[in-house]
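Laboratory data are not the source of any read-out in this text; all were calculated from the coordinates shown. In this text, all values refer to a predicted model and were calculated from it rather than measured experimentally. Here the Cβ is made from the backbone with ideal geometry for all residues, glycine too, and neighbour counts use every protein chain on show.
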Amino acid sequence: MPLASPTLDQRTYRHQAAFQHDFAAQWSDLARQVRTSLRLMALNGIADPLTDTPIAASSLQVDGPNFRESLQHDGLVSRQRAVLLLLRQLIEAGQLPRLEALRLYCPEAITPFAQRLRGVVANFQGSEYIPDPVDTRRQKVRHEDLCQLSFDDRSFDGVICNEILEHVYDLPAALRSMRRVLVPGGSLIGTVPFAYCQAEATVKALHLGRDQTPELLMEPEYHGDPVQAERGSLVYRIPGWEFLDQLRDAGFEDPRIEAIHSPTYGILGAEIPWILVFMAQRPQDPAPAG
């Protein structure tokens, strides 16, 4: 049953200027908002963003000051709870099928997030990036290259892409590939490390071809990778607001950033209280002439 009055600050941004206006207007109060949310969660616990099931404060773990990544319950962190809340909102608005009918793809298969979705979404498909064709892990885990997905056109109602697009070697190809496998009207939801104060991406490395070493433009940065935990995954870019234009160029409509802050659902950033989630839809097919 939905909560009577969840505390939720949610804002939609389609342009950088509107975000910068709100960011500047609230700058002096942002740290207080973060502290207040932490106190509320310590007193009241949180609620599961898909089901509203109460989660006791004693079940929450905090490991470091970056609450986007460090505020954990059952393996999930703030940014993932924000994505689940948006998934629920799309379902409740009738823009996606109910969980028992939803066809959902996620380019992760062995993470706690994938396990959670697999437990509630009847038609869930996950994958990992395992490019070596003789890697024995392919026998247990499906391999997919996000830049050239093998699924048929219009296979999924939704695609959720968490903290992956900064690592893909060809971002425009990955966006086109995800659009292709969505049904008309289908939704793309996801998170990425986001340079919210700049328009252009910070490009850290360039892809030079399948068998060539990437060209590093600055000190290499690696993020955690569930498949290659010992090495991590190279960061090619940190997107800025031009990312919304890149989504449009790939054929998506209404690309936007949802800024979400909710102590009720354990959704909290660090230097800003909001978690920033990107969303877009594959356009509906045009009506037949005549």
Could you tell me whether residue 109 is in a loop (DSSP other than H, G, I, E, B) and surrounded by 15 or more Cβ atoms within 10 Å (Cβ to Cβ)?
yes
Select from the stretch 230-256 the residues that are touching a residue at least 60 places away in the same chain (Cβ under 8 Å) and basic (Lys, Arg) and write down the one among them that is surrounded by the most Cβ atoms within 10 Å (Cβ to Cβ).
237
Name the residues in the stretch 224-276 that are in a strand (DSSP E or B) and small (Gly, Ala, Ser), would you?
233, 259, 262
Is it the case that residue 137 is without any contact (Cβ under 8 Å) to a residue 60 or more places away in the chain, of a type in the set (Lys, Arg) and either farther than 18 Å from residue 180 by Cα or surrounded by 15 or more Cβ atoms within 10 Å (Cβ to Cβ) (or both)?
no
Looking at 181, 192, 227 in this structure, which one is crowded, with 18+ Cβ neighbours inside 10 Å, closer than 23 Å to residue 145 by Cα, of a type outside the set (Ser, Thr, Tyr) and more than 17 Å from the chain's Cα centre (by Cα)?
181
Within the stretch 257-270, the count of residues that are surrounded by fewer than 22 Cβ atoms within 10 Å (Cβ to Cβ) and out of contact with any Leu (no Cβ under 7 Å at 6 or more places or on another chain) comes to 1
Count - residues of the stretch 191-226 that are touching a helix residue (DSSP H, G or I) at 6+ places or on another chain (Cβ under 7 Å) and among the hydrophobic types (A, V, I, L, M, F, W, C)
2
Quick one: how many residues across the stretch 40-75 are among the small types (Gly, Ala, Ser), surrounded by 12 or more Cβ atoms within 10 Å (Cβ to Cβ) and on the phi < 0 side of the Ramachandran plot?
5
